[in-house]
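**Q** Right, I'll just put the structure down here and ask away after.
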Amino acid sequence: MSEQLPALLGGDPVFAKRVPMVRPSLPPFAEMEAEVRDIMTSGMLTKSKYLRQFEEVAAEQLQVKHVVAVSSCTSGLMLSYQSLGLKGDVIVPSFTFMATVSAAVWVGCRPVFVDVDKHSTNSQVDKIEAAITPDTTAILAVHNFGNPARCDELEAIAQKHSLKLIFDAAHGLGSLYHGKPVGSQGDAQCFSLSPTKLVTGGEGGIVATNNSALAEALLVGREYGNNGEYDSAFAGFNARMPEFNAILARHSLGMLEQAVTERNRLVRFFRERLEALPGIKCQSIAKEDRSSYKDLSITVEESEFGLSRDRIRKALLAEGIDTCSYYDPPVHRQTAYRHFGEGADLPNTEWLSKSSISLPLWSKMDPIFPEGICLAMEKIAQHAKQIRSTT
Ligand SMILES: Cc1ncc(COP(=O)(O)O)c(C=O)c1O
């Protein structure tokens, strides 16, 4: 039947209008209206009560002593690395977003790349321990796509070797490690509130920590390093979160549980349909954990599916479906960081970077979208041979 032909071979596309990767679910404006009016009429646009309210609510939700809101996850990482006094080598994954590493280089550290597990896509704990030398100052771990890192094992290694442990938790709001929100483990966890995340402030980030001295340093750091008496305690910068963004973030946080429940339900649907196709696997999440599923990332074993990742992406685009290839290239092959990565042994990172596809996943998704995306993948799988020989 011609309608079952992939669009790349002349069939009808599944979607006439492009399906985007991200569609943020925002709180209804009416819910925020009085607070927005309040800041507009009072003129208190920054450093005021809505920032503090958001920090308090977030700390309670993450079950952590302190939350310091900042202008982005990246600025949170930079201030955390600086405030924790990192000096020397930091152990990082390369299969991550560039900001995990850029923030470390900004504070003068040298990234040492370790490989990730092919299935969880998080750093391999034994590889981290093997990479520790007398120059190592910290372990930087990522909850990749929302999949919690192995927090207990990482804490044990950090303690054993007297290293700092910082989590890039950009994707982590909604993630549970052994039933508990990620946020309180390690020395600090930095979350992103950009619009691709489950909770958004428009832009913004938060740092969660149980370390009161660190929280204090972050408060000074996000204010240029000003100690409150117009003297610079150290060189900080402006990393403040304005009041409007704090209002939006607090209301958005109120929608988190619903968002993460829905994403987990959607991923169960996708997993059942997509893993029935040859060579397709979804990210594996430990059974005692919950992923936020900030992204739905699948991998393609080309020899089994019959098409490369890039050909599948092209075929999906012809069906009207946007995708991303997170993370390709991985950080150690990007121009600014290549010299740090020379000689690094990262076979799983290399394989994941050429085999991963992120598919559209939203916190509110009409069933026509997951159904249509699975149908498109099924059509492409059935016609892999023709696609390979004709395109
Ligand atoms: C893993 C990771 N770390 C850090 C960041 C940076 O976050 P932000 O844009 O809030 O600085 C991102 C952004 O998506 C990310 O994916």
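Every number in this text was worked out from the coordinates using simple rules, so none of it is lab data. All values derive from a computational prediction rather than experimental measurement. Ideal geometry is used to build each Cβ from the backbone, glycine not excepted, and the neighbour counts take in all protein chains shown.
**Q** May I ask you to derive the FRET efficiency for residue 238 and residue 41 from their Cβ-Cβ distance with R0 = 30 Å, giving the value to the nearest 0.05?
**A** Numbers: r = 25 Å, r/R0 = 0.83.
In this case the efficiency is close to 0.75.
**Q** Sequence neighbours fewer than 8 away in the same chain don't count; with that in mind, list the lysines whose C-alpha is under 22 Å from residue 49.
**A** Result set, ordered by chain and number: 65.
**Q** If we count other beta carbons within 10 Å of each Cβ, what is the order of 120, 102, 80, 389, fewest first?
**A** Values: 120 20, 102 17, 80 31, 389 7.
The most exposed by this proxy come first: 389, 102, 120, 80.
**Q** Turning to a different aspect of this structure: What Kirkwood Rh does region 29-253 have if only Cα atoms enter the pairwise 1/r average? Answer in Å.
**A** Radius from the Kirkwood sum: 17.6 Å.
**Q** Counting Lys +1, Arg +1, Asp -1, Glu -1, what net charge surrounds residue 348 among other residues with beta carbon under 12 Å of its beta carbon?
**A** Combined, the nearby Lys, Arg, Asp and Glu give -1.
**Q** If packing is taken as the average number of other Cβ atoms within 10 Å across a peptide's residues, how do 41-52, 256-267, 315-326, 192-203 rank, most packed first?
**A** Descending mean neighbour count gives 192-203, 315-326, 256-267, 41-52.
**Q** Follow-up. Cβ neighbours within 10 Å, averaged per peptide: list 377-383, 226-232 in order, most packed at the top.
**A** Per-residue mean Cβ counts within 10 Å order the peptides as 377-383, 226-232.
**Q** Given a Förster radius of 56 Å and the C-beta distance between residue 9 and residue 30 as r, what FRET efficiency does 1/(1 + (r/R0)^6) yield to the nearest 0.05?
**A** For R0 = 56 Å, the calculated efficiency reads 0.70.
**Q** If you take every DSSP beta bridge whose two residues both sit in region 29-253, what share of them, in percent to the nearest 5, is antiparallel?
**A** Here the antiparallel bridges make up roughly 45 percent for region 29-253.
**Q** R0 = 22 Å: FRET efficiency of residue 56 with residue 226, Cβ-based, nearest 0.05? Show your work: numbers first, answer last.
**A** On the way: r = 23 Å, r/R0 = 1.05.
The calculated FRET efficiency here is 0.45.
**Q** Then there's this: Strictly over 24 Å apart at the Cα level, which of 127/354; 314/379; 118/385; 354/379 would you flag in this model?
**A** From the list (127/354; 314/379; 118/385; 354/379), the Cα-Cα distance tops 24 Å for 118/385.
**Q** In addition: Say each of residue 301 and residue 382 gets a label point 7 Å from the Cα, pointing the same way as Cα to Cβ; how far apart are those two points in nm?
**A** Between residue 301 and residue 382, the label points sit 2.4 nm apart.
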